[in-house]
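S.K.: Sending over a structure as structure tokens; questions will come in a sec.
What follows is calculated from the coordinates using simple rules that are stated; it is not laboratory data. Please read these numbers as outputs of a predicted model, since none were measured by experiment. Cβ placement follows ideal geometry from the backbone for every residue including glycine, while neighbour counts extend to all protein chains displayed.
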Amino acid sequence: MTNGLTIGCHLSTSKGYEAMGKTAVEIGATTFAFFTRNPRGGKGKAPDEADVQALLRLMEEHHFGKLVAHAPYTMNMCSAKPDVVAYTREAFASDIERMEQLPGNYLNFHPGSHLKQGADEGIRLIVEGLNQDLIPGQKTIVLLETMAGKGTEVGRSFEELERIIEGVEHDELLGVCLDTCHVNDAGYDIAHDLDGVLDEFDRVIGLDRLCALHVNDSKNPLGAHKDRHEKIGQGTLGLAAFQAIVTNPRTKDLPMILETPNELPGYSREIAALRALSEGRSLAEAEELLEEPEEPEPAEQKKAAESKE
Ligand SMILES: [Zn+2]
Ligand SMILES: [Zn+2]
């Protein structure tokens, strides 16, 4: 990769695909995330083919990396309610089909919450759902997200993710998206021992599965099992942790998605700061780039991402 970091944030699909690409370019991004459908459920419409083609052209022109789409949070592959499981399998299958219009990109999802059925039953249901939904030969790689372990979340440890991967027949279609806030909250000390965490990931899952990062600071201490994202440099991880991530040979070339509590101007600053660090500039310089202006930001620019978990 000669184009520097592949980095972006979560964007709203409300104006279509090419519009997301244009917004990404405006804030200095070279990838982005988006919900494959309305996060609060519903069908959502299939993407317009001309709009998709326009986005693909824009991505090529601006040397984008892979996109990291996000399945909505209303999905739960391992719910205790059979109707939720059935809805999730159907919705996820149609999201994979939609992503095939943008071949070669990622579709990330939260494995689910087992709701007191126990992790074993949760993993069994997730494996069964994936075996039903994945299409042999599909061009979309499905990513399991590392979770904070809030409530009954499955995916709170690398071991749980590996058990899912092991159970899936077409595991060549699976990868992992590591969320820096989630792994901290799950108890992996990514802030002080990035290489140790990556070694552990490699031992349990294999680093060849590590496809993307959610780059978030955390409001909570190591092992809190909370999942509250913080702006880069303002949480318990701190800016130096992100300097390590954007310079480490095992992570620096992965697509990085910011899911921090920000509007577009804030994302633009975080992208600039992380790019600076990746180019060897100092923490002090990056801190300066992160500084919020005194003036309130223009209202029309406050197009928030729909949600950031
Ligand atoms: Zn995430
Ligand atoms: Zn989260």
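S.K.: Going down the table (LYS116/LYS231; LYS22/LYS252; LYS15/LYS226; LYS116/LYS252), which pairs top 26 Å between alpha carbons?
M.R.: LYS116/LYS231; LYS15/LYS226; LYS116/LYS252
S.K.: Can you work out ³J(HN,Hα) from phi for every residue in segment 149-156, in order, using Karplus 6.51 cos²θ - 1.76 cosθ + 1.60 and θ = phi - 60°, giving whole Hz and x for Gly and Pro?
M.R.: Working through the residues one at a time gives x, 6, x, 10, 4, 8, x, 7 Hz.
S.K.: Tell me what the chain gives for mean residue ellipticity at 222 nm when only DSSP H runs of n ≥ 4 count, each as -39,500 (n - 2.57), the sum divided by the residue total, rounded to 500 deg cm²/dmol.
M.R.: Taking each H run of at least 4 residues, the total per residue is -11500 deg cm²/dmol.
S.K.: Still on this structure, I have one more. Taking amide H positions as placed 1.01 Å from N in the peptide plane, with prolines and chain starts having none, which residues 5 or more places from ASP179, or on another chain, fall under 5 Å of its amide H?
M.R.: Close amide H contacts, sequence-distant or interchain: THR146, HIS214.
S.K.: Be a star and scan segment 221-263 for residues whose amide nitrogen sits under 16 Å from the point 7 Å along the Cα-to-Cβ vector of HIS62.
M.R.: Taking a point 7 Å out along Cα→Cβ of HIS62, the residues of segment 221-263 whose backbone N falls under 16 Å are 256-258.
S.K.: Here's another thing I want to ask about it. Give me the one-decimal nm value for the distance between modelled label points at THR74 and ASN131, 7 Å along each residue's Cα-to-Cβ direction.
M.R.: 2.9 nm
S.K.: Let me ask something additional. Would you mind estimating how fast the chain diffuses translationally, via Stokes-Einstein at 20 °C and 1.002 mPa s with the Kirkwood radius over Cα pairs, in µm²/s?
M.R.: 110 µm²/s
S.K.: Which residue, chosen from GLY280, ASN184, THR146, occupies the Cα position most advanced towards the positive end of the dipole of the chain, where the dipole is computed from +1 (Lys, Arg) and -1 (Asp, Glu) charges on Cβ about the Cα centre?
M.R.: Value computed over the given set: THR146.
S.K.: Starting from the Cα-Cα distance between ASP202 and GLN53, subtract it from 0.36 nm times their residue separation and give me the gain in nm to one decimal.
M.R.: 50.0 nm
S.K.: Hey, another quick one. Starting from the 7 Å offset along Cα-to-Cβ, what nm value, one decimal, do you get for the label separation of GLN117 and SER14?
M.R.: Each label point lies 7 Å from its Cα, and together they span 3.5 nm.
S.K.: Now, a different point. Students often forget the sequence filter, so: which aspartates and glutamates lie under 18 Å Cα-Cα from LYS150 once same-chain residues fewer than 8 apart are removed?
M.R.: LYS150 reaches ASP120, GLU121, GLU159, GLU160, ASP179, ASP185, ASP189, ASP217, ASP227, GLU230, GLU259, GLU309.
S.K.: Return the sequence-ordered ³J(HN,Hα) values of segment 73-86 in whole Hz as given by the Karplus equation 6.51 cos²θ - 1.76 cosθ + 1.60 applied to θ = phi - 60°, using x for Gly and Pro.
M.R.: Result, ordered by residue: 6, 5, 6, 8, 4, 10, 4, 7, 9, x, 5, 5, 4, 5 Hz.
S.K.: Can I ask one more? Assigning unit charges at the beta carbon (Lys, Arg +1; Asp, Glu -1) and nothing else, what dipole magnitude in debye, to the nearest 20, does the chain show about its Cα centre?
M.R.: Taking the Cα centre of the chain as origin, the dipole is about 660 debye.
S.K.: Return the sequence-ordered ³J(HN,Hα) values of segment 182-188 in whole Hz as given by the Karplus equation 6.51 cos²θ - 1.76 cosθ + 1.60 applied to θ = phi - 60°, using x for Gly and Pro.
M.R.: 3J(HN,Hα) across segment 182-188, in whole Hz: 4, 5, 4, 5, 7, x, 8.
S.K.: Which peptide among 105-111, 127-133, 180-186 comes first, and what is the full order, when sorted by highest mean count of other Cβ atoms within 10 Å?
M.R.: Result, highest mean Cβ count within 10 Å first: 180-186, 105-111, 127-133.
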